[in-house]
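The values are calculated or read from the model by the stated rules, or taken from the named source; none is laboratory data. Here the structure is a predicted model, which is why all the values come from computation and not from measurement. Neighbour counts are summed over all protein chains in view; Cβ atoms, including those assigned to glycine, are modelled from backbone coordinates with ideal geometry. For the accessible areas, the whole protein counts, side chains as well, though only heavy atoms, and no ligand, DNA or RNA atoms are used. Shrake-Rupley method; radii C 1.70, N 1.55, O 1.52, S 1.80 Å.
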Amino acid sequence: MDETPWRKKAKEQYLDKVRGGLFGGAVGDALGYPVEFLSEKEIRARYGAAGIQEYERDPRTGLALISDDTQMSLFTANGILYGDTRRNMQGITASPSACVPLAYKDWYFTQAGTVGRPGDDRVSWLLDIPELYHRRAPGNTCMMALASGRTGSVRMPINQSKGCGGIMRVAPLALHYQLRSREWLDMEGAEVAAITHGHPLGYMPAAVLTHIVNIGVYGGCEKGSSLKDAVEEGMETVSRLFCEDRYLPQLQELMEKAVSFADNDRSDSENIRRLGEGWTGEETLAIAVYCCLRYPEDFTAGVIAAVNHSGDSDSTGAVAGNILGAWLGYEKIEEKWKENLELKDVILEMADDLCYGCLISEHSSYKDPDWEQKYIRCQAKR
Ligand SMILES: [Mg+2]
C-alpha cells in the first residue's frame, strides 16, 4: 500500500506556517529593498514622517522587487531539497550544508553569467526562472566567496566576514526540518551561513534564527510558548554550541538589549539606532528580533518597523518577515503584501516543496513527475 498521501496529509498542518516564513521574508525584503541605502532622514523625506509603509513598485513591471536575500533563500531551499531527493533515490546522504553550496554555485551563475546554465552539474531548477538573473545589489562577500570556488565552514572559515549575507538566507532550513535535533539544526544554520561568511558573528546569529523559526513552525520550545521564550532558548542553545567562542558575549549582550528594548517606551527608531544598522549578522538578528517582539501579533507593523532605519533595511526586513511569517502563518499576512510581489508563485511553490519534502523514493511506487523534473532533472516543471 502506498502511504504517501497519508504522509503528505500529516505535513499539511504546517503548510500555512512554512509558507508564512518564506513568503514573509520576501515581503520584508521587497519592502526594504528600495530604502536599503537610504538614511532614516532620507526615508522620511521621501515617504513621509512614518517612513515607507507600502511596497514601492518597479515602474516597468508594476511589481515589488525582491533582492538577493530572497533569491538566495530560494536557492538554499532548492539545495536542501535536491539533497533530500538524492538521499531518497540514490541512498547518498549528505548534510544540507554539503548540498546547499552546490545551489549557491547556481545562484552565483545567475549573478555573473548568462541565462540557462548548461551542463550536468546544475542542481537548481531555479536556473530556469529568468527573473532570478537580475542583480539586486548582491553582497560582495557572497560573490567573492563563491567566485573563489571554495566552500567555508565553521571549522574552516574562508574569510573573516560578519556581514548579514549569511543569516538572511538560512530560514528555509528551519522551515523544512521537523523531528530533528534542534542542536543539529542550529549548527546546520551556522554552517550554511559559514559557506560564505567566516566570522563567528556572521554565522552564530544564523543558528539563533534557525532555532526561532523552527519553533515557530513546529513548536516544541521547552521554555514556554511565546516568541520571547523561543528567542531565549535559541540563545541558550547557541551559547552552548559556541561556548568557547570569544565573540559569543558580544552576541549575547546585543540580544539581551533587543529583548529588553521590546518592552520600553522609546520609539522604534530610537531603539533600533541603539542596536546598530543591521549590516552585520548580529545586528540584523537583534533588529529583527526586537521588531518581532515589539509586534508579535502584527506582521505588518513588525516588517514596517524593521525596514525604516538607516541600515540594511532589506535584510532586517527579510529576517523579521521570516520570523513573524513562521510564527503567525501565511493567512495572517495582509492581502496587500501578497499582491504585486515579484515571483510570488515561485516563492509559494518552493514553500510547498519545503513543507512536504521529498515523498518519492527508490523503495516506493509513489510517483511525482513534477518533483522528479525539479529535483532529479533539475529543471523547472513545464
Ligand atoms: Mg538585499
Condition test on Ser148, is it under 16 Å from His197 (Cβ atoms), more than 22 Å from the chain's Cα centre (by Cα) and surrounded by fewer than 20 Cβ atoms within 10 Å (Cβ to Cβ)?
yes
Going through the range 233-256 one residue at a time, which ones are open to solvent by 30 Å² or more (accessible area, probe 1.4 Å) and either modelled with pLDDT under 95 or among the acidic types (Asp, Glu) (or both)?
Glu236, Glu244, Asp245, Glu253, Glu256
Determine the pairs where a residue that is of a type in the set (Gly, Ala, Ser), located within the range 135-150, has a partner that is in a loop (DSSP other than H, G, I, E, B) and within 12 Å of the ligand (Cβ to nearest atom) with Cβ atoms under 7 Å apart, the partner being 6 or more residues away or on another chain.
Ala137/Glu36; Ala137/Ser67; Gly139/Gly165
Test each condition in (1) within 16 Å of the ligand (Cβ to nearest atom); (2) touching a residue at least 24 places away in the same chain (Cβ under 8 Å) for Cys99 and report the one that comes out false.
(1)
Looking at the range 23-36, can you tell me whether even one residue there is open to solvent by 10 Å² or more (accessible area, probe 1.4 Å) and more than 17 Å from Ile304 (Cβ to Cβ)?
no
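Look through Pro200, Pro205 and report the one residue that is within 13 Å of the chain's Cα centre (by Cα) and buried (at least 21 other Cβ atoms within 10 Å of the Cβ).
Just a single option satisfies the conditions, and that option is Pro205.
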Suppose the filter is more than 16 Å from the ligand (Cβ to nearest atom), open to solvent by 30 Å² or more (accessible area, probe 1.4 Å) and closer than 23 Å to Ile212 by Cα; does Lys9 pass it?
no
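Do you know which residues across the range 292-310 are touching a residue at least 60 places away in the same chain (Cβ under 8 Å) and surrounded by fewer than 20 Cβ atoms within 10 Å (Cβ to Cβ)?
Pro296, Ser310
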Do we find a residue being in a helix (DSSP H, G or I) and of a type in the set (A, V, I, L, M) anywhere in the range 273-283?
yes
Across the range 87-124, what is the total count of residues that are at pLDDT 90 or above, part of a helix (DSSP H, G or I) and of a type outside the set (Lys, Arg)?
18
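Of the residues Gly20, Gly79, Gly62, which is at positive phi and either more than 16 Å from the ligand (Cβ to nearest atom) or assigned to a helix (DSSP H, G or I) (or both)?
Values: Gly20 fails: at positive phi; Gly79 fails: at positive phi.
Unique residue meeting the criteria: Gly62.
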Count of the range 146-184 residues which are more than 16 Å from the ligand (Cβ to nearest atom) and over 25 Å from Val346 (Cβ atoms):
21
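Hey, among Ser39, Ser67, which residue is farther than 19 Å from Asp353 by Cβ, within 13 Å of the ligand (Cβ to nearest atom) and open to solvent by less than 60 Å² (accessible area, probe 1.4 Å)?
Checking each option against the conditions leaves just Ser67.
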Only one of these is buried (at least 18 other Cβ atoms within 10 Å of the Cβ) and polar (S, T, N, Q): Thr93, Thr76, Thr61. Name it.
Thr76
